[in-house]
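Asks: Sharing a structure with you now.
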Amino acid sequence: MDTQARFELIKEVGEEIITEEELLNLLETKAHPVAYDGFEPSGQVHIAQGILRSININKMLKAGCRFKMWIADWFAWMNNKMGGDLEKIRKTGEYMIEVWKACGMKTERIEFLWAKDVMSDDEYWKKVISVARSATIKRIIRCSQIMGRKESEIMSAAQIFYPCMQCADIFHLKADITQLGMDQRKVNMLAREVGPKLGFWKPVVVSHHMLMGLLKPPTHLINLQSKEDRTVEIKMSKSIPDSAIFMTDSEEDIKRKIQKAYCPPRVITENPIIEYCRYIIFEKFDEMCISRPAKFGGDLQIENYDELVELYSSGQLHPMDLKNAVADYLNQLIEPVRKYFRRNKRARRLEEFIKQQEITR
């Protein structure tokens, strides 16, 4: 694959790339640049963390990247996930890896790393303190969005450390590319700002789209100008189960959640059902078949996302017909994951453990 083809493939992943010129130069000079993403182990894995994440990482691998997956157990601990119980958090991290194996992520080509393993490394903490010395408290608090929290929701001093540590991670992992979600943009921009000052580098930021939750977006979104702020407000939440499809949901759960999902007629923007089609279904299937009674026009064969947009925005496709099809396709994608967990004893035990836990925000 030539440089331009690799560049175009990574562009499919990035909703925003800072900057495209730097990315192209990186690909021209490095055959295998290092890209990383990190996850707080925090409960069940929803479809964005599972299937959508697999789609994106597999593209990065195909483009020649060496990928490091950072299992951010200490970060989840600082952010009070799983009730602040570190052992539960680590079991949750093990569960996440099993989900990724089951849903098609090329895990054999990914380096999985745990935050706990660097916590006794003096060089890591030197990087953290260097970042902290280079940023104001006000700037760090503005980065609190990366924890899924507003500035007013900072609850402990530990959460002040969080952005400094995440910024230091980039340099400790020797990551050329930060391949995280749009909700992590602020800390990635901090890394670009302080990196050269500290004798490191300016990482390329490839921010992927955050799949929105299934419920109606809050009305105050109209006043939010920043795309990253809007992303944080409307993304799916594990603490609100009906806002997301989870990777081991039953067929009945999927149908119920999709049927009650927000999907206004003719509206394309901020419509979660349309988003599922764009970012998941058309990535995994060559076409969508919409079953409809003959009196409503009969079945539809939709070959691509643009055709779906045209049909839906013009009113030729009813929300309920679209929802029925989306539920069916999602069930097809999740059935192999359910089978994997039924057949793999270790994975099943981890799933049973996760389902017993209370998910804390």
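The values are calculated or read from the model by the stated rules, or taken from the named source; none is laboratory data. All values reported here derive from a predicted model rather than from experimental measurement. Cβ placement follows ideal geometry from the backbone for every residue including glycine, while neighbour counts extend to all protein chains displayed.
Asks: Check the range 30-52 and report whether any residue there is assigned to a helix (DSSP H, G or I) and surrounded by fewer than 18 Cβ atoms within 10 Å (Cβ to Cβ).
Replies: Going through the range 30-52, the residues assigned to a helix (DSSP H, G or I) turn out to be 48-52.
Next cut, surrounded by fewer than 18 Cβ atoms within 10 Å (Cβ to Cβ) only: none.
No, because not a single residue in the range 30-52 is assigned to a helix (DSSP H, G or I) and surrounded by fewer than 18 Cβ atoms within 10 Å (Cβ to Cβ).
Asks: Moving on. Any idea how many residues of the range 50-89 are of a type in the set (Phe, Trp, Tyr) and at pLDDT below 95?
Replies: Count: 3.
Asks: Quick one: residue 192 ticks every box in (1) modelled with pLDDT under 95; (2) closer than 20 Å to residue 135 by Cβ; (3) among the charged types (D, E, K, R) except a single one, so which number is it?
Replies: Here residue 192 clears every test but (1).
Asks: State yes or no: is residue 255 touching a helix residue (DSSP H, G or I) at 6+ places or on another chain (Cβ under 7 Å) and crowded, with 17+ Cβ neighbours inside 10 Å? Outline the logic, then answer.
Replies: On the way: touching a helix residue (DSSP H, G or I) at 6+ places or on another chain (Cβ under 7 Å): yes; crowded, with 17+ Cβ neighbours inside 10 Å: yes.
It is true that residue 255 is touching a helix residue (DSSP H, G or I) at 6+ places or on another chain (Cβ under 7 Å) and crowded, with 17+ Cβ neighbours inside 10 Å.
Asks: Of all residues in the range 81-121 being acidic (Asp, Glu) and part of a helix (DSSP H, G or I), which is farthest from residue 174 (Cα to Cα)? Spell out how you get there, then give the answer.
Replies: At the first step, the residues of the range 81-121 found to be acidic (Asp, Glu) are 85, 87, 94, 98, 108, 111, 117, 121.
Adding the requirement that they be part of a helix (DSSP H, G or I) leaves 87, 94, 98, 108, 117.
Values: 87: 28, 94: 24, 98: 26, 108: 20, 117: 16 Å.
Filtering the range 81-121 for residues that are acidic (Asp, Glu) and part of a helix (DSSP H, G or I), the one farthest from residue 174 (Cα to Cα) comes out as 87.
Asks: For residues that are part of a strand (DSSP E or B) and not β-branched (Val, Ile, Thr), tally how many sit in the range 158-189.
Replies: Narrowing the range 158-189 to residues part of a strand (DSSP E or B): 177-178, 181.
If we keep only those that are not β-branched (Val, Ile, Thr) as well, we get 181.
Total satisfying the criteria: 1.
Asks: Can you confirm whether the range 13-29 contains a residue that is more than 30 Å from residue 158 (Cα to Cα), in a loop (DSSP other than H, G, I, E, B) and either modelled with pLDDT under 95 or not acidic (Asp, Glu) (or both)?
Replies: The answer is yes; a qualifying residue exists.
Asks: Based on what the data block shows, is residue 268 among the aliphatic types (A, V, I, L, M), surrounded by 21 or more Cβ atoms within 10 Å (Cβ to Cβ) and not assigned by TED's automatic domain parsing to the domain that holds residue 99? Don't jump to the end; show me each part of the working.
Replies: Working: among the aliphatic types (A, V, I, L, M): yes; surrounded by 21 or more Cβ atoms within 10 Å (Cβ to Cβ): no; not assigned by TED's automatic domain parsing to the domain that holds residue 99: yes.
Here the answer is no, as residue 268 does not meet what is asked.
Asks: Pairs, please: C-beta under 9 Å, at least 6 apart or cross-chain, first residue at pLDDT below 95 and in the range 265-291, second among the aromatic types (Phe, Trp, Tyr) and assigned to a helix (DSSP H, G or I)?
Replies: Close Cβ pairs satisfying both conditions: none exist.
Asks: On to the next question. Being assigned to a helix (DSSP H, G or I) and either at pLDDT 75 or above or crowded, with 18+ Cβ neighbours inside 10 Å (or both) is the filter here, so list the residues in the range 146-157 that pass it. Steps first, please.
Replies: Our first condition is that a residue be assigned to a helix (DSSP H, G or I); within the range 146-157, this holds for 146-147, 151-153.
Passing the criteria: 146, 147.
Asks: State which residue pairs qualify: first residue free of Cβ contacts under 8 Å to residues at least 24 places away in the same chain and inside the range 100-117, second residue aromatic (Phe, Trp, Tyr) in any location, beta carbons under 7 Å apart, and separation of 6 or more residues or different chains.
Replies: 107/100
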